[in-house]
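Enquirer: For reference, the structure I am asking about is given below.
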Amino acid sequence: MSDVLYHAAARGDEPMVKSLVDGGAAPDGFIAKDGKTALMVAAAGGYKSLVNMLLTAKTNRASPSLQDKLGYTALHHSASNGHASICLVLLFYGALAETKDSAGNTPIDVARSHG
C-alpha cells in the first residue's frame with residue numbers, strides 16, 4: 001500500500017493520497033531505489049496540500065528528516081524546485097535547515113544554486 005501512496009504523491013493525486021493516509025498507509029513505508037519517500041516527491045512536485053497531509057496524518061506521519069541516496073531531505077527537494085511555501089511547512093513540522101546533502105550543501109545552498 002505504501003508504494004501506491006508514493007506513486008500517488010508523485011502524481012499529485014490528492015484524493016488517492018488522502019484515502020491511503022486515512023486508511024493507515026505509512027508515508028515512509030516505501031522508499032524508492034533512489035532513496036526518495038512520498039514526502040520528498042510531493043515536496044519536489046510542489047504539492048503543498050499533500051505535504052501537509054503527509055506530515056499531519058493521524059497515524060504514520062512522514063518524517064521530514066529522512067535523506068535520499070544523494071543526502072537530500074524533503075526540504076532540499078522543495079528548495080531546489082523553488083517551492084518556498086512548502087519549505088516553510090517542512091520547517092514548521094521539524095525539517096532541519098542545517099542538514100547537509102552528500103555534497104555538503106544545506107537546503108539554503110541548494111536553493112541559491114537553483115536560483
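Quick note: the coordinates plus some simple rules give every number you see, no bench work behind them. Here the structure is a predicted model, which means the values were calculated and not measured. Here Cβ is always computed from backbone atoms with ideal geometry, including for glycine, and neighbour counts include all displayed protein chains.
Enquirer: Could you work out the longest stretch of the chain that avoids the trypsin sites (Lys or Arg not before Pro) located in DSSP loops with at most 10 other Cβ atoms within 10 Å? Walk me through the numbers before you get to the answer.
Expert: Values: sites that count: Lys33, Lys58.
That would be 59-115.
Enquirer: Would you calculate a helix-derived [θ] at 222 nm for the chain, using -39,500 (n - 2.57) for each DSSP H run of n ≥ 4 and dividing by the full residue count, to the nearest 500?
Expert: -13500 deg cm²/dmol
Enquirer: Comparing Gly45, Gly35, Gly94, which has the greatest mean-square fluctuation in the GNM of the chain with Cα pairs linked when under 10 Å apart?
Expert: The residue with the greatest mean-square fluctuation here is Gly94.
Enquirer: Could you list, bin by bin from short to long, the percent of Cα-Cα pairs of the chain in 10 Å steps?
Expert: 17, 52, 28, 4
Enquirer: Could you check which residue among Leu91, Leu39, Leu54 shows the biggest mean-square fluctuation in a GNM of the chain with a 10 Å Cα cutoff?
Expert: Leu91
Enquirer: Turning to a different aspect of this structure: With an 8 Å Cα cut-off and a minimum separation of 6 or more residues, compute the relative contact order for the chain in percent.
Expert: 22
Enquirer: Could you tally the net charge around His7, taking each other residue with its Cβ under 13 Å from the Cβ of His7, Lys/Arg +1 and Asp/Glu -1?
Expert: Around His7, the surrounding residues sum to 0.
Enquirer: Among Ser49, Ser19, Ser63, determine the one that fluctuates most according to a GNM of the chain built with springs between C-alpha atoms less than 10 Å apart.
Expert: In this elastic network of the chain, the residue with the biggest mean-square fluctuation among Ser49, Ser19, Ser63 is Ser19.
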